[in-house]
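Q: Shown below is the structure under consideration.
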Amino acid sequence: MANAKGQSSDLAKQEQRLAYWLLAPTFIILLAIAIYPLISVFGYSFTNATFASNKPTEFVGLDNYRNLLSMTIVQVPPLIDEATGQIQVDAETGEVQYESSVRALPREPVRFRVVTDFSLFGNKYVLGATDPAFIRAVWDTIVFGVSTVFLELVLGMMVALIVNANFKGRGFMRALILVPWVIPTAVSSQIWEYMFQPNRTGFFNTVLWYLGMGSGEIPFLSDPTWQLPAMIVIDVWKTTPFMALLLLAGLQLIPADIYEAADVDGAGPVRSFFQLTLPLLKGTIAVALVFRTLDALRVFDLFQIVLGQARYSMASFTYYELIQNRAMGYSSASSIMIFLVLSIFAIGYMRSLGVKSDDH
Amino acid sequence: MTTKTKHRINRILLWALIIVMAIWMLFPFYWALNSSFKTEGQLAMTPATFIPRAPVTGDISFTLKNYESVFSNQAFLRAIVNSTIVAVSVTVLALAVGAFAGFALGKLRYRGKNSTLYIILAMTMFPQIAVLSGLYTVITTLGIPAIPSLILTYLLFSLPFTAWVLTAFFRELPTEIFQSAQVDGASPFQTFYMIMLPLTAPALVTTGLLAFIGAWNEYLFALTFTSIQPDARTLPVIIANFPSQATRQIPFGEIMAAGIVSSIPLFLLVFIFQRRIVAGLTAGAVKG
């Protein structure tokens, strides 16, 4: 008895040792290419290191983070007419005239620059930041992420329902919807950039012009109002298939007899979608949403290729700070901010879904 | 309305949706194909034509000039070789190393399993931009050339994903096979090598395909690491920053041709292995 027990615990030990040996290569590689670089980036974020140079590096404490994140909101005072002491009003429109926003922002000890103006309760305010480009990049990335993920969910659901239906050539259609997903982002970005040309050599301007809308010279990629919508359109085209596949996998787990029962009860297709399919897909949708959100928030290729330095995502901002400005310390701090934002999402995701480890 | 006509209307609606969907998915690719057969003069025509047409007469007229110049472009040809080397090496390495880890995570009992699973899952969502400067410093300090550093770096996303998907596949294999092999006197490693690995061949194909596609398409690291070593550039870097001759504007015709050429291997994979790719994508994401 004791002998057998000893033998089985020997086996368990052998199994454990084997497990560690098998895991070792993976963890050594991940340590070298992820953990160590991440720790060093964390270290650089407290310095004024210069990229690819021998310049001496100094410890600057939290300066990089302060510079990235400092924001302030200041009320912009109206202009006072020196002669009358009254608030100046535009003679034609009757609108109150304001001091310039830039001058309302503090300059000492560090200079704040304008991110945006807004009005509230009849007063004019200005949002200033020490680095407006970063604040705008964060805001644009969030707007981009939320809009693309929402649109992809709606369109992806339609695509999933279509390729889940029974028809001849379904396998072929399932392969066909993989085309946008599999095209390298570098290629699809160039294709779309060409389709968005600011004259009638571009597809969109041509079509809008044929339809009698627009001048045929809409500068989709250089006009700030069109830049983000264009990015969202491109990403929705490229990533809807991925969303559709995740949802399709969820749809296939729903047993068919549930629908047969609903059919007998006389529920139409629309009602059975909202009352049966959607609730049963809740888990799949949650997973798909978080995966896509994390992916969308780290968008780089699309922004860098199509917009360059005209408008940043968080990742392309970090890239240009590093490569263009050689500000290694500063771009490291921005890397760490991205890492923190995404980690919060990822941890929340794993907490809410739970990781199964021993279900065999 | 009889059920039969109702059924017929449903069919027509479904096919209408299928056609709209197919056009939406394929149109940008069609536009690229259309543009790749146009000369520079045809590309400058306004309004743009939906098939290549001669500027004055309006007759249909294709040119292969863009493909000819792409295939005589040394930088592009070298990029095909570079991309192939990188993607194949990453696939082989990720599978070899990831299969070990997947087997341990899916089938073996050991202490600390939960935390290792968490780490692997967390790594599949790792933001690559966060380690860009750190990794670049490491490889320049060690003096590793661009291509080996790209291969090593791509394991950052392909290895955790491979390990994670293979864990799910290994877990689903019946434990009895493993136990009976042990009773017969096979060591755990023999069991892994001679019994488990052949059984997971389909999973290896799936994860291998996805690792290949990921490495073939990667842009951020390729762009950064090859900035001082242009002869190591991969296809996405060449296509995004197409080497244009100084006198011309952006050579969109050639870019479209190059983009189509570099997407064709992926289209072939997708149409041959559609089922396997879908299985891998969904296993990686849904089986959390």
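Computed from the coordinates by the stated procedures, all read-outs in this text should not be read as laboratory data. Small disclaimer: the values here were computed from a predicted structure and weren't measured. Positions of Cβ are generated from backbone atoms using ideal geometry, with glycine treated the same way; all protein chains shown enter the neighbour counts.
Q: Between B:A44 and residues 5 or more places away or on another chain, which pairs have amide H atoms under 5 Å apart, with H built 1.01 Å from N, and which residues are they?
A: Counting only residues 5 or more places away or on other chains, the set is empty.
Q: Not counting the cut sites, what is the longest span of chain B without chymotrypsin sites (Phe, Trp or Tyr not before Pro) that DSSP labels loop and that have at most 14 other Cβ atoms within 10 Å?
A: Values: sites that count: B:F50, B:F62.
Counting only loop sites that pass the neighbour cut-off, the longest clear stretch is B:63-288.
Q: Just to be sure I understand: with springs between alpha-carbon atoms less than 10 Å apart, which residue in A:D223, A:D63, A:D265 has the highest mean-square fluctuation in the Gaussian network model of chain A?
A: A:D265
Q: Cα gyration tensor of chain B, axes a ≥ b ≥ c as square roots of the eigenvalues: rounded (a/c below 1.5), prolate (a/b > b/c) or oblate? Mind showing how you got there, number by number?
A: Numbers: a/c = 2.82, a/b = 1.40, b/c = 2.01.
Oblate, because a/c is 1.5 or more while a/b does not exceed b/c.
Q: Which whole-Hz couplings ³J(HN,Hα) result when phi for each residue of the range B:262-267 is put into the Karplus expression 6.51 cos²θ - 1.76 cosθ + 1.60, θ = phi - 60°, listed in order with x for Gly and Pro?
A: Per-residue couplings from phi come out as 7, 8, 4, x, 6, 4 Hz.
Q: Once the other residues with Cβ under 10 Å from the Cβ of B:T206 are scored (Lys, Arg +1; Asp, Glu -1), what is the net sum? Before the final figure, lay out each step's value.
A: On the way: positive: B:R275, B:R276; negative: none.
Value of the local net charge: +2.
Q: Can you give me the long-range amide H partners of A:V76? Hydrogens built in the peptide plane at 1.01 Å from N, cutoff under 5 Å, separation of 5 or more residues or another chain.
A: For A:V76, the qualifying residues are A:K124, A:Y125, A:V126.
Q: How large is ³J(HN,Hα), in whole Hz, for each residue of the range A:240-256 in order, when computed from phi with the Karplus curve 6.51 cos²θ - 1.76 cosθ + 1.60 and θ = phi - 60°, using x for Gly and Pro?
A: These are the phi-based 3J(HN,Hα) values: 3, x, 4, 4, 4, 5, 4, 5, 4, 4, x, 4, 6, 7, 7, x, 5 Hz.
Q: Something else now. By the scheme Lys and Arg +1, Asp and Glu -1, what is the net charge of all other residues having a beta-carbon under 9 Å from that of B:G106? Don't skip to the answer; put the middle values down first.
A: On the way: positive: B:K107, B:R171; negative: B:E172.
With Lys, Arg at +1 and Asp, Glu at -1, the net is +1.
Q: About the Cα centre of the range A:71-129, how large is the charge dipole given +1 on each Lys and Arg Cβ and -1 on each Asp and Glu Cβ? Please answer in debye to the nearest 20.
A: 440
Q: Still on this structure, please answer the following. How long, wide and thick is chain A, going by the Cα atoms along their three principal axes, in whole angstroms, largest first?
A: 104, 63, 43
Q: While we're on this one: Can you pull the mean other chain C-beta count within 10 Å for peptide A:38-44? Before the final figure, lay out the partial values.
A: Working: counts 6, 2, 6, 8, 2, 1, 3.
The mean count of partner-chain Cβ atoms within 10 Å per residue comes to 4.
Q: Quick one: grab the alpha carbon gyration tensor of the range A:71-129, order the square roots of its eigenvalues as a ≥ b ≥ c, and give me rounded if a/c is under 1.5, else prolate or oblate depending on whether a/b is larger than b/c. Show your work: numbers first, answer last.
A: Values: a/c = 2.93, a/b = 1.77, b/c = 1.65.
Note, shape of the range A:71-129 comes out prolate.
Q: Right, next: Mind pulling the angle between the C-alpha long axis of helix A:2-30 and the longest principal axis of chain A? Nearest 10 degrees, somewhere in 0 to 90.
A: 30
Q: With loop defined by DSSP as not H, G, I, E or B, and exposure as at most 13 other Cβ atoms within 10 Å, which is the longest segment of chain A clear of exposed chymotrypsin sites (Phe, Trp or Tyr not before Pro)? Don't skip to the answer; put the middle values down first.
A: On the way: sites that count: A:F121, A:F167.
Result for the longest clean stretch: A:168-360.
Q: In 20 Å bins starting at zero, report the fraction of Cα pairs in the protein assembly as shown per bin as a rounded %.
A: Computed distribution, short to long bins: 16, 45, 31, 7, 1, 0.
Q: Using θ = phi - 60° and the Karplus form 6.51 cos²θ - 1.76 cosθ + 1.60, what ³J(HN,Hα) does each residue of the range B:107-120 get, whole Hz, x for Gly and Pro?
A: Each residue's phi maps through the Karplus curve to give 10, 9, 9, 7, 7, x, 5, 4, 5, 5, 4, 4, 4, 4 Hz.
Q: Take the alpha carbon gyration tensor of the range A:16-162, find the square roots of its eigenvalues, order them as a ≥ b ≥ c, and report rounded if a/c is under 1.5; if not, report prolate when a/b exceeds b/c, else oblate.
A: Working: a/c = 4.83, a/b = 1.71, b/c = 2.83.
Note, shape of the range A:16-162 comes out oblate.
Q: Tally Lys/Arg at +1 and Asp/Glu at -1 over every other residue whose Cβ is under 13 Å from the Cβ of B:F126; what's the total?
A: 0
Q: Any chance you could tell me what percent of the C-alpha pair distances in the range B:3-63 go past 14 Å? Please list the in-between numbers first.
A: Numbers: 1181 of 1830 pairs.
So the portion of pairs separated by more than 14 Å is 65 percent.
Q: Averaged over peptide A:199-206, how many Cβ atoms belonging to another chain are found within 10 Å of each residue's Cβ?
A: Working: counts 4, 4, 9, 4, 8, 1, 3, 6.
For this peptide, the per-residue mean of nearby foreign Cβ atoms is 5.
Q: Would you mind giving the mean number of other chain beta-carbons within 10 Å of the Cβ of each residue in B:262-273, as a whole number? Before the final figure, lay out the partial values.
A: On the way: counts 4, 7, 0, 1, 7, 6, 0, 2, 9, 7, 1, 2.
Going residue by residue through B:262-273 and averaging, the value is 4.
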